[in-house]
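Shown next, in structure tokens, is the structure this report addresses.
Here, each number is a calculation from the coordinates, and none is a lab measurement. Note that this is a predicted model, so its numbers are computed, not measured. Here the Cβ positions follow ideal geometry from the backbone for every residue, glycine too, while neighbour counts run over all protein chains shown.
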Amino acid sequence: IITGQIMDIEYKTEHNPTCKIHFFWELARAKDFHEFSQRIQSIIGRLGFTDFAFPRLNTTGMQLGALNTNQDILNLHESEEFNNYNIVVKHAHVATTPIFSSTIEQYISNAPFETELFKRNHDFFRICKCYGYYDFYNIPIKAFNGNGNGNAMLSVTTKKMKSSHFQRQIAKHEQDLNQLAQAIDYVGTRKFPESFLNSKLGERGVEAER
């Protein structure tokens with residue numbers, strides 16, 4: 001079933017059409033959700049990155065589930081201090097334009113005023129750097145099972161890599177990462193809906209769509 005659905009997707013792209021097909025097929029071959037996550041990690045690694053997260057967003061917030069490779073950053077984000085202040089997540093709720101975390105950090109650092117929102121994000125980025133993560137590339141997409149207010153987002157990073165070097169690495173794989181984000185959401189929602197959508201936030205979104 002999943003292979004038939006995959007072939008219905010429009011593969012026309014000037015970058016590398018076979019690469020997009022490859023991502024869908026590679027993820028669709030996963031036998032369970034754990035293998036699905038491992039296959040994502042393998043692709044991320046081959047592109048030259050060390051960590052990823054794939055949160056799904058809805059009107060009540062963000063659910064990250066098991067699709068992440070850094071529990072420290074996840075715990076930091078879900079802490080009371082930062083959970084409702086993440087500008088990247090707020091951006092991903094309303095837009096599908098990829099953005100570097102360093103772009104937001106630079107903006108709030110150069111702002112002629114300070115707000116609680118800016119302060120919380122500045123502190124969040126500072127702590128991430130203490131863990132060795134100097135920048136993140138965040139790719140919001142429209143969720144395939146969205147009901148008009150649901151997005152998903154692929155976020156990737158490389159530990160101990162300077163932001164300037166990281167951004168050059170992203171430039172080499174920008175289209176590949178966008179295609180990977182689409183493949184993760186498409187395959188995950190169809191082949192592993194219970195694991196992929198199951199969380200205290202995700203369950204409410206699924207019930208709303210029924």
(request) Would you work out the charge dipole size for the range 146-197 about its Cα centre, treating the Cβ of every Lys and Arg as +1 and the Cβ of every Asp and Glu as -1, and quote it to the nearest 20 debye? (result) 340
(request) Quote the FRET efficiency, to the nearest 0.05, computed for residue 83 versus residue 111 with a Förster distance R0 of 22 Å and r equal to the Cβ-Cβ distance. (result) 0.50
(request) Can you tell me how much longer the chain between residue 171 and residue 127 gets when fully stretched, taken as 0.36 nm per residue apart minus their C-alpha distance, in nm with one decimal? (result) 13.3 nm
(message) With a cap of 16 neighbouring Cβ atoms within 10 Å, and only residues DSSP puts in a loop, list the trypsin sites (Lys or Arg not before Pro) found in the range 105-187.
(response) 159, 160, 162
(message) Report, in listed order, any pair from 119/172; 90/129; 129/172; 90/160; 119/159; 31/142 with a Cα-Cα distance greater than 29 Å.
(response) 119/172
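Assign one of three labels to the range 76-149, namely rounded, prolate or oblate, based on the Cα gyration tensor with a ≥ b ≥ c the square roots of its eigenvalues; rounded applies when a/c is under 1.5, prolate when it is not and a/b is larger than b/c, and oblate otherwise.
Prolate, because a/c is 1.5 or more and a/b exceeds b/c.
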